[in-house]
Ligand code: DHB
Ligand code: FE
């Protein structure tokens, strides 16, 4: 690690210094930037701030070495492995969501040659139909809109749930202020479904699927749209079908 620090940090400092020089940044601006960073710390927004601006970049770097399905950001709301019960039929939803739009999430997990991966595990999580995450917002029990599916002999999985909606990242603090008031951006993510796929001998894949023609698709505040996982519109028996396939790379050799 310390070799890496020596490699990376001087370049990082050089890049920041070059930017300050390029724009002739003044003492006053320097002080304002420092006050801003102090506010990010004091409001507990360090993870939000760092993720909003840099998480997608680390994913992009990770993707350079992937031949199969590209990864996407994890986001802050996976919780932990214990929050995922094995589901065969339907992810649990709150009683008040009983009449919300149905969704079927299905697909196949294969290796990079297209061979089915049987017994692969897929953790799925998404927002409620009113844009909240269980276990995080409004005291919603962590079991809702989450579950683990296991692929069958053909590597296939299928599970029902309720349709999520676009999600607004917290915008009342300094991160939202920077995005909305100073950078002319916004704090919305398109409706999405999170996945974490695992199979023996394969590299873990964390990614997200988006809804074709959904609001904010292609204009995500986290700058993370992977257009290969924007799923075409398909309705079957009144349910929006999200067909999401994953090709998993071989596990990385342990150095
Ligand atoms: C954030 C929330 C998400 O649900 C997500 O997928 C990515 C980021 C956030 O609050 O930063
Ligand atoms: Fe999310």
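Let's see how each residue does on (1) more than 16 Å from ligand 1 (Cβ to nearest atom); (2) within 30 Å of residue 35 (Cα to Cα); (3) at pLDDT 95 or above:
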| residue | (1), (2), (3) |
| --- | --- |
| 74 | no, yes, no |
| 77 | no, yes, no |
| 87 | yes, no, yes |
| 101 | yes, no, yes |
| 146 | no, no, yes |
| 149 | yes, no, yes |
| 161 | no, no, yes |
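Answer yes or no: is there a residue in the range 191-204 that is in contact with a helix residue (DSSP H, G or I) (Cβ under 6 Å, 6 or more places away or on another chain) and touching a residue at least 40 places away in the same chain (Cβ under 8 Å). Lay out the reasoning, then the answer.
Applying the first criterion (in contact with a helix residue (DSSP H, G or I) (Cβ under 6 Å, 6 or more places away or on another chain)) to the range 191-204 yields none.
Scanning the range 191-204 turns up no residue that is in contact with a helix residue (DSSP H, G or I) (Cβ under 6 Å, 6 or more places away or on another chain) and touching a residue at least 40 places away in the same chain (Cβ under 8 Å).
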Query raised in the report: Which pairs have Cβ atoms under 7 Å, sit 6 or more apart or on different chains, and link a residue in the range 155-180 that is without any contact (Cβ under 8 Å) to a residue 24 or more places away in the chain to one that is part of a helix (DSSP H, G or I) and more than 14 Å from ligand 2 (Cβ to nearest atom)?
Result: 171/180
Report task. Run residue 96 past the list (1) touching a helix residue (DSSP H, G or I) at 6+ places or on another chain (Cβ under 9 Å); (2) free of Cβ contacts under 8 Å to residues at least 40 places away in the same chain; (3) not in a loop (DSSP other than H, G, I, E, B) and report the number of the one that doesn't hold. Result -> (1)
Requested in this report: Have a look at 39, 66, 17 and point out the one that is part of a helix (DSSP H, G or I) and in contact (Cβ under 8 Å) with a residue 24 or more places away in the chain.
Outcome: 39
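Within 21 Å of residue 245 (Cβ to Cβ), out of contact with any strand residue (DSSP E or B) (no Cβ under 6 Å at 6 or more places or on another chain) and modelled with pLDDT of 95 or more: is that true of residue 142 in this structure? Steps first, answer last, please.
Values: within 21 Å of residue 245 (Cβ to Cβ): no; out of contact with any strand residue (DSSP E or B) (no Cβ under 6 Å at 6 or more places or on another chain): yes; modelled with pLDDT of 95 or more: yes.
No.
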Query raised in the report: Out of (1) in contact with a helix residue (DSSP H, G or I) (Cβ under 8 Å, 6 or more places away or on another chain); (2) within 19 Å of residue 208 (Cβ to Cβ); (3) not in a loop (DSSP other than H, G, I, E, B), the odd one out for residue 129 is which?
Result: (3)
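Kindly indicate whether residue 47 is within 16 Å of ligand 2 (Cβ to nearest atom), loosely packed, with under 13 Cβ neighbours inside 10 Å and either at pLDDT 95 or above or closer than 17 Å to residue 168 by Cα (or both).
Numbers: within 16 Å of ligand 2 (Cβ to nearest atom): yes; loosely packed, with under 13 Cβ neighbours inside 10 Å: yes; either at pLDDT 95 or above or closer than 17 Å to residue 168 by Cα (or both): yes.
When the stated conditions are applied, residue 47 passes them.
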Query raised in the report: What number goes with the only condition from (1) more than 16 Å from ligand 2 (Cβ to nearest atom); (2) under 21 Å from the mean Cα position of the chain (by Cα); (3) more than 18 Å from residue 156 (Cα to Cα) that residue 139 does not pass?
Result: (2)
Query raised in the report: Do we have any residue at all in the range 192-214 that's within 16 Å of ligand 1 (Cβ to nearest atom), touching a strand residue (DSSP E or B) at 6+ places or on another chain (Cβ under 6 Å) and in a loop (DSSP other than H, G, I, E, B)?
Result: no
Query raised in the report: Among the numbered criteria (1) in a strand (DSSP E or B); (2) without any contact (Cβ under 8 Å) to a residue 40 or more places away in the chain, which single criterion is violated by residue 113?
Result: (1)
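The values are calculated or read from the model by the stated rules, or taken from the named source; none is laboratory data. Given the structure is predicted, the values throughout are model-derived calculations rather than measurements. Cβ atoms come from the backbone with ideal geometry, glycine included; neighbour counts cover every protein chain shown.
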